[in-house]
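Single-structure report; data block below.
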Number of protein chains: 2
Amino acid sequence: MRRRLSFEALPGIPEVRSGDALHELIVHALDAHAIALEPDTIVVVAQKIVSKAEGRFAWLDEVRPSDKARELARITGKDARLVELTLSESTDVLRAVPGVLIVRHRLGYVMANAGIDLSNVPGEVGRERALLLPLDPDKSAAALRDGLRAGTGKTVGVIVSDSFGRPWRNGVVNVALGSAGVPALIDRRGDPDRHGRTLQITQTAFADAIAAGAAVVMGEGSEGMPVVLASGFMPTAPEVDCRALLRPLEADLFR
Amino acid sequence: MRRRLSFEALPGIPEVRSGDALHELIVHALDAHAIALEPDTIVVVAQKIVSKAEGRFAWLDEVRPSDKARELARITGKDARLVELTLSESTDVLRAVPGVLIVRHRLGYVMANAGIDLSNVPGEVGRERALLLPLDPDKSAAALRDGLRAGTGKTVGVIVSDSFGRPWRNGVVNVALGSAGVPALIDRRGDPDRHGRTLQITQTAFADAIAAGAAVVMGEGSEGMPVVLASGFMPTAPEVDCRALLRPLEADLFR
């Protein structure tokens, strides 16, 4: 038995607009390329297109920065309106230095700029538009899973992914913001290793590993393909969504 | 053109012993399973077997804990000898709380226990053995790459991977400790996105993404398969090794 996992970018996803039904765009692209979903398929979707479909846009020129936002903008060198949006999506500011604003997002993710993106958002001439994270990425993943089931008859896993920086390593990797139908976290506490010793590594961030691998074929910018099919390997561990991946505040050693 | 990346665990790698030539074990397993390396293959190898081949073992009963190690052992609840080994491999202690000891490894990685592993190490009865990280994982990767080239005539990429915790997320993911023949970090600073705006995400930790994906089929414990072949997707970015993934100390906001 070969242990294999493959990632394939799904061609033919158009520019996503507010109100689009993502599952319909994906089913259409699958049909157009004669690709079938399998029971072990995990559909990995870039946060960006989920947010766009959910209409999570904000016009920068409609944002009125607070005093706190202006102060953080001065420190970081960022646009005060973007900082205001970031604060509105956050519960805490962890670090603010030139070029860097790291916050705890209202959903618990510790990340730069609350995941707000200005790139790849087509705005009107002379106006800038920001794109916020989905309201509830686990819920978005579950809804997409339901839609794909209705559209294809197949029950698959879904992961909503986004790129994150890391405190001690250069470069971004993708992690899972939301998921449905997969064990986002696999807990093997108590399992023995091959010499009978209890395993030291006991929890594996499965959804993050899938998101990271998928990002390689997903790409970014003008060559980006925002939907990737992961197939060939679905663990038997119990389904838990991405809330399981968030370390509780009281266990945070690096506030 | 389909954009695809696949990970396949290589069966038939035996328990690795000090002094083993890893490239010979891998070539033997490839031959036994009629698997050919391709120019776009990246051979992902678990740190554990690199360390074993390099003989990076330490007997716990030969370690004399310092006062500092005893104090940290008291705080963390860890074995003082293991803490002493950890300190001997580290330049700095970032956090020590019950159950957790996070250090800066002498090579710059911020990680728990300096990557020292007690599991899956067959020791003599009644004696415990620890396994330290390789002396220089980039160098280990380069040596393995040379050995595989000599043994197969193929020039591939090599990544030495290990599992890391994250400060704000539960569960481990694998990252790249060392690499050869791959762009460990892809720097796209200045590239435009599809709307002509400069990309906000400018550096991608390619080797970490490959390590993370490979870990899914690598597994751990009694079903672990420590060599995984990643194939189908090799970026055209310039080769840099894993030192490029380490954020410089002066840019560390979370000491």
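Throughout, read-outs are computed from the coordinates displayed, never taken from laboratory work. This structure is a prediction, so every number in the text was calculated from the model and none was measured. Every residue, glycine among them, receives a Cβ derived from its backbone with ideal geometry; neighbour counts consider all protein chains shown.
A few points about this structure:
- Think of the axis that spins chain B onto A; the B residue whose C-beta lies nearest it, and the distance in whole Å, is B:Gly213, 1.
- Burial order of peptide ranges A:25-38, B:97-110 (average beta-carbon count within 10 Å, highest first): B:97-110, A:25-38
- Alpha-carbon centroids, region B:209-255 and region A:12-66: separation in whole Å: 28
- Look at the stretch B:172-185: the mean tally of other chain Cβ atoms within 10 Å of its residues' Cβ atoms is 2.
- Taking every DSSP bridge with both residues inside the protein assembly as shown, close to 85 percent are antiparallel.
- Taking GluC sites (Glu not before Pro) across region B:1-84, the ones in a DSSP loop with at most 13 further Cβ atoms lying within 10 angstrom of their Cβ are B:Glu15.
- By the helix-only formula, in which each DSSP H run with n ≥ 4 contributes -39500 (n - 2.57) and the sum is divided by residues, chain B has a 222 nm mean residue ellipticity of -8000 deg cm²/dmol.
- Number of partner chain Cβ atoms within 10 Å, mean per residue of B:202-208: 6
- Förster-model FRET efficiency, 41 Å R0, B:Val93 and A:Ile35, C-beta, rounded to 0.05: 0.20
- Length, then width, then depth: along the principal axes, the Cα atoms of region B:57-131 run 34, 24, 19 Å.
- Taken over the protein assembly as shown, the ratio of Cα radius of gyration to 2.2 N^0.38 Å equals 0.97.
- Of A:Pro39, A:Pro137, A:Pro167, the one that fluctuates the most in a GNM where chain A has Cα springs shorter than 10 Å: A:Pro167
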